[in-house]
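Enquirer: There's a structure below that I have some questions on.
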Amino acid sequence: MKITVDTSSGFCWGVVRTVAIAEKELAAVTVMVQREDGYDSDNMNWFWVKYGPDGAISENDMKMAMAGRVAKGMDMGCIACHKASPDGDYLFINDKGSYGNE
């Protein structure tokens, strides 16, 4: 897929996950896109963003937009969780026993 983030554009692949409340209403849409080399080499160049049901970028408790490298180096958040993926690829979808693959 071709995407544009900030001023960079190119072909890459990404992961989209929707979160529903009681499988009836949309609570959030989270997106992971692997960007160009050098974007965030410490974290395999992944870009994260979380949207609310209204399409606006969600904010964390500190009123920071939940997009990009927010919470980098913290104990909680997208990067901290995905860094712990069993295969070290920041993805859980292909890991036996991970969320949704039990």
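Enquirer: Quick check: net charge around ASP40, other residues with Cβ under 9 Å of its Cβ, Lys/Arg +1 and Asp/Glu -1?
Expert: Overall, the nearby charge balance is +2.
Enquirer: With label points built 7 Å along Cα→Cβ from the Cα atoms of ASN60 and VAL31, find their separation and express it in nm.
Expert: 2.0
Read-outs: derived from the displayed coordinates by stated rules, not from any lab. Bear in mind that the values here come from a model prediction, so they are computed numbers and not experimental data. In this analysis, Cβ positions are derived from the backbone assuming ideal geometry, glycine residues included, and neighbour counts consider all displayed protein chains.
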